[in-house]
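For reference, the structure discussed in these notes is given below.
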Amino acid sequence: MLNNRLIALLLAFLTALPLSAREDRNICKKALDALPDKAEVFAPGAWKPWPAYHDRAGWDAFTGSKKKELVALAKKYLKYKYKVVPATLYLEYEKTGNRKLFDAELKENTQALQCLIIGELAEGKGRFIPQIIDGIYYFSVCLPSWNGSGSDARDGVRNRMLPDPRKHLIALTSASRGPIIAAGLHFFKEEFDKADPMIAELCYKALEDHIFNPYLDEYRYTHGHHWLGFNGNRVSNWNTYCNVYVLQTFLLADRDPERLLRAVDQCTRSIDRYLDTNKLDGACDEGPSYWSMAGGKLYEYVRIMRDVSGGRIDLFGDDQVRRIMEWKSKNYVTDGWGVSFGDGFARQAGGGGLVFRIGADLGSREMADLGVSLSADPVKHKFSNKLYSSHDLYRTLEAVRATPDYEKAQQEALQAAGGDWDVMMNQLRANVSSAWYKETEHAFLRNASGWFLGVKGGHNAEHHNHNDAGSGVLFVENCPVLIDAGVATYTHTLLNSVKRYDHYWNVQSQWHNLPLVNGVQQMDGAKYAARDTRCDVKANTFQTDIAGAYPAEAAAGLWVRSYALSADGLSISDHYALDARKAPDVEVFVVQPEPILPGESLNGYKVKAGEVLIPARSFDGRKTIPVLLRYPRNLTPSKEENKLNDERFLSAWGESIWRIKFTSDAKAPLKGVYEFKVKRL
């Protein structure tokens, strides 16, 4: 007889299949096939997004005011020693699950090589070439493959953490390093040949072994490269992330015209799988931290295809494509805060350059303004225009290209606010409207008083799922009031194990703004889902029945969670009908600062019966907003501290967060309503 955990895993697998029977649109493939001369358009060497290395006038114009900065960054790595990741670190990862053990070395090596390449392109004097050769050599002989557990019927050996020389699987790390080797060939082959012609051949052989041939190996469609989507499964950020890096690698370095065209065609068909197996509403159910790998990479695919084709392949006008890209703005609150559904970070500052470029290409003022907002520091009164992505050469060079337009937009926004930074920050987000993503069941609601509510329905087998159907977060004037802790530092257990929901409190519903029904929390799995979810963005209301998100022992026949955001407050109500009373219900609300219970005082205010005071504070500590959470008198309030020790939580919330627990009587009625009101004091 199947146990509950096995059933949950089976249902989670089934949920990975396409979630609707809608007809595939195949918009990317149709656009590609409409080109009668695509073999010429996508010929080897046809993609020339940047000046040639010896075009010094071209690079002087391209780098502009950033030339000195780019050269200075490269100079830091003139004596850099590339780090070799020892076998023992891979083996230690298998024991501890802590991938930071070797991630740091890989990222530092990548950052060094990228800075050296771009610095040499900016300066053009050859002094960084020897270090570039060392870096290119390192990655050519050490390009890491994915090292997941599992078995391969053809190879017959379980692949543990050490790289298997018989398997060259393309995954996040190997895909993202491919374009760096390809860029070395693209820009510096002549310089490499002066040193030793074998350098270029070594680079090319590495790309053939690790990228070109594995990508087109049909066996890998179902044995390692599931992210392509060719085995009928629903795909996530791995699809866009890996495909776009692979596409760049082929376009920059492949010498075989037939293979290159096959790769472009396969990438296009695979991106279609991303679009056609995900929701048309454009929401990212993986959490906002994955948007740059999902929606952000989709943008780069669309941009590259438009540029290579001379504008004849242009998907920026597609509604789904636009919604995927603009979801970032709807999910973002302001002041660095975002809605941390799924494995998302609560703090989402940064990435403004990418968002600005998307806004420019989409013709979306909202996204362009968000890009400016993400670059602004209203405390220090300065803009940041970070050029370097730690491992993304394309994204970095495109940031350099867009610098003049970006800096102009930044100054125009500040001038429009009369030089007042706080006014500017409000103006940049003033016209963002409430949004409802009907298929994914995400709602982001705003009022004119600076209140923001993010709520969700959905099911508990979403990508990077947390058991949070029906949960919501609330911000008042940029201060977090009701929070979602977000995601911890990744380990093997958190990412890949059925122990995820047993070992990590932050993915459990009891640490979200949700009830314990009969003392029972939500369960993970596709069948544990919200139902009858609806939203009215004009009225700023949302409701969903979350009874189905709880296991049978909760005896939840009906549990309708409703949110209503008014001009000056928020109402949260739970209408419930239980099949049996087994234990008290516990309504949970998670907050950052210590809440003040009835009878306690803060700054001269004594909290009354029937209310709890939440002293919500801004991230920079400059502002505190006292908020009252009024609760039914038939519930008993208490508070519980959660001392944090994970660096991701610490960076967002400080040393601890709290949950307020409102507990019903052990013999509470089988039917009733729990209603809460949130008001500013």
Q) Do we have Asn634 as within 30 Å of Asp377 (Cβ to Cβ) and not β-branched (Val, Ile, Thr) here? A) no
**Q.** Arg273 basic (Lys, Arg), farther than 29 Å from Asn431 by Cβ and surrounded by fewer than 19 Cβ atoms within 10 Å (Cβ to Cβ)
**A.** no
Q) Within the range 628-645, which residues are surrounded by 15 or more Cβ atoms within 10 Å (Cβ to Cβ) and either of a type in the set (Gly, Ala, Ser) or farther than 22 Å from Ser601 by Cβ (or both)? A) Pro632, Asn642, Leu644
Q.
Residues that are without any contact (Cβ under 8 Å) to a residue 40 or more places away in the chain, over 29 Å from Ala182 (Cα atoms) and not small (Gly, Ala, Ser): does the range 311-333 have at least one?
A. yes
Q) Given the structure, is Asp377 within 30 Å of Leu113 (Cβ to Cβ), charged (D, E, K, R), modelled with pLDDT under 95 and buried (at least 21 other Cβ atoms within 10 Å of the Cβ)? A) no
Q) Would you pick out the residues in the range 10-57 that are at pLDDT below 95 and surrounded by 15 or more Cβ atoms within 10 Å (Cβ to Cβ)? A) Leu11, Ala12, Thr15, Ala16, Pro18, Leu19
Q. Among the residues of the range 632-681, which ones are at pLDDT 95 or above, aliphatic (A, V, I, L, M) and closer than 15 Å to Pro595 by Cα?
A. Ile657, Ile660, Val678
Q: Give, as residue ranges, the helices (runs of 4 or more DSSP H) completely inside the range 43-138 that count at least 1 residues that are touching a strand residue (DSSP E or B) at 6+ places or on another chain (Cβ under 8 Å) and either in contact (Cβ under 8 Å) with a residue 12 or more places away in the chain or under 30 Å from Arg259 (Cα atoms) (or both).
A: 87-96
Q.
Here is a check on your reading of the model: is Ser618 of a type outside the set (D, E, K, R) and at pLDDT 95 or above?
A. no
Q: Return a yes/no flag: does the range 113-130 have any residue that is at pLDDT 75 or above, closer than 21 Å to Ser176 by Cα and surrounded by fewer than 19 Cβ atoms within 10 Å (Cβ to Cβ).
A: no
Q) Can you find even one residue in the range 290-303 that is out of contact with any strand residue (DSSP E or B) (no Cβ under 9 Å at 6 or more places or on another chain), within 26 Å of Gly486 (Cα to Cα) and of a type in the set (S, T, N, Q)? A) yes
Q: Assess whether Val537 counts as being under 24 Å from Phe452 (Cβ atoms), of a type outside the set (Lys, Arg), surrounded by fewer than 24 Cβ atoms within 10 Å (Cβ to Cβ) and touching a strand residue (DSSP E or B) at 6+ places or on another chain (Cβ under 9 Å).
A: yes
Q: Look through the range 572-627, keep the residues that are free of Cβ contacts under 8 Å to residues at least 24 places away in the same chain and surrounded by 17 or more Cβ atoms within 10 Å (Cβ to Cβ), and return whichever of them is nearest to Ile483 (Cα to Cα).
A: Pro615
Q) Can you tell me which residues in the range 306-325 are closer than 11 Å to Ile27 by Cα and among the aliphatic types (A, V, I, L, M)? A) Ile313, Leu315, Val321
Q. Across the range 500-534, what is the total count of residues that are in contact with a strand residue (DSSP E or B) (Cβ under 7 Å, 6 or more places away or on another chain) and in a strand (DSSP E or B)?
A. 11
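Table: residues versus (1) more than 12 Å from the chain's Cα centre (by Cα); (2) hydrophobic (A, V, I, L, M, F, W, C); (3) surrounded by fewer than 24 Cβ atoms within 10 Å (Cβ to Cβ).
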| position | (1), (2), (3) |
| --- | --- |
| Asp318 | yes, no, yes |
| Val321 | yes, yes, yes |
| Asn331 | no, no, yes |
| Gly353 | yes, no, no |
| Ala360 | yes, yes, yes |
| Gly363 | yes, no, yes |
| Asp369 | yes, no, yes |
Q: State all residues of the range 546-562 that are crowded, with 24+ Cβ neighbours inside 10 Å and not small (Gly, Ala, Ser); if no residue qualifies, say none.
A: Ile546, Tyr550, Trp559, Arg561
Q. Has the range 355-373 got any residue that is modelled with pLDDT under 95 and assigned to a loop (DSSP other than H, G, I, E, B)?
A. no
Q. For the range 400-499, list the strands (runs of 3 or more DSSP E) that sit wholly inside it and hold at least 2 residues that are at pLDDT 95 or above and either aromatic (Phe, Trp, Tyr) or over 27 Å from Arg622 (Cβ atoms) (or both); which are they?
A. 435-437, 442-446, 451-456
Q. What number of residues within the range 354-373 satisfy the criterion of being of a type in the set (A, V, I, L, M) and free of Cβ contacts under 8 Å to residues at least 40 places away in the same chain?
A. 1
Q: Go through the range 291-336 and give me each residue that's assigned to a helix (DSSP H, G or I) and acidic (Asp, Glu).
A: Glu300, Asp307, Asp319, Glu326
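One line per residue, one yes/no per condition, for (1) modelled with pLDDT of 95 or more; (2) under 20 Å from Asn467 (Cα atoms); (3) out of contact with any strand residue (DSSP E or B) (no Cβ under 6 Å at 6 or more places or on another chain):
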residue: Pro551; (1), (2), (3): yes, yes, yes
residue: Ala554; (1), (2), (3): yes, yes, no
residue: Ser566; (1), (2), (3): yes, no, yes
residue: Ile572; (1), (2), (3): yes, yes, no
residue: Pro595; (1), (2), (3): yes, no, no
residue: Pro598; (1), (2), (3): yes, no, yes
residue: Lys606; (1), (2), (3): yes, no, yes
residue: Arg630; (1), (2), (3): yes, no, no
Q | Selection count, the range 166-222, where residues are in a helix (DSSP H, G or I), touching an Asp or Glu at 6+ places or on another chain (Cβ under 7 Å) and free of Cβ contacts under 8 Å to residues at least 24 places away in the same chain | A | 1
**Q.** Among the candidates Gly519, Gly525, residue that is under 16 Å from Leu558 (Cα atoms), in contact (Cβ under 8 Å) with a residue 60 or more places away in the chain and either in contact with a helix residue (DSSP H, G or I) (Cβ under 6 Å, 6 or more places away or on another chain) or surrounded by fewer than 22 Cβ atoms within 10 Å (Cβ to Cβ) (or both)
**A.** Gly519
**Q.** Some residue of the range 409-432 being of a type in the set (Phe, Trp, Tyr) and either within 23 Å of the chain's Cα centre (by Cα) or under 30 Å from Arg177 (Cα atoms) (or both)
**A.** no
Q) over 26 Å from the mean Cα position of the chain (by Cα), closer than 27 Å to Lys582 by Cα and charged (D, E, K, R): does that describe Asp545? A) yes
Q: Looking only at the range 535-545, decide whether some residue is over 23 Å from Ser434 (Cβ atoms) and in a loop (DSSP other than H, G, I, E, B).
A: no
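The values are calculated or read from the model by the stated rules, or taken from the named source; none is laboratory data. If you're wondering where the values come from, they're calculated on a predicted model, not measured in any experiment. Backbone-built Cβ (ideal geometry, glycine too); neighbour counts: all protein chains shown.
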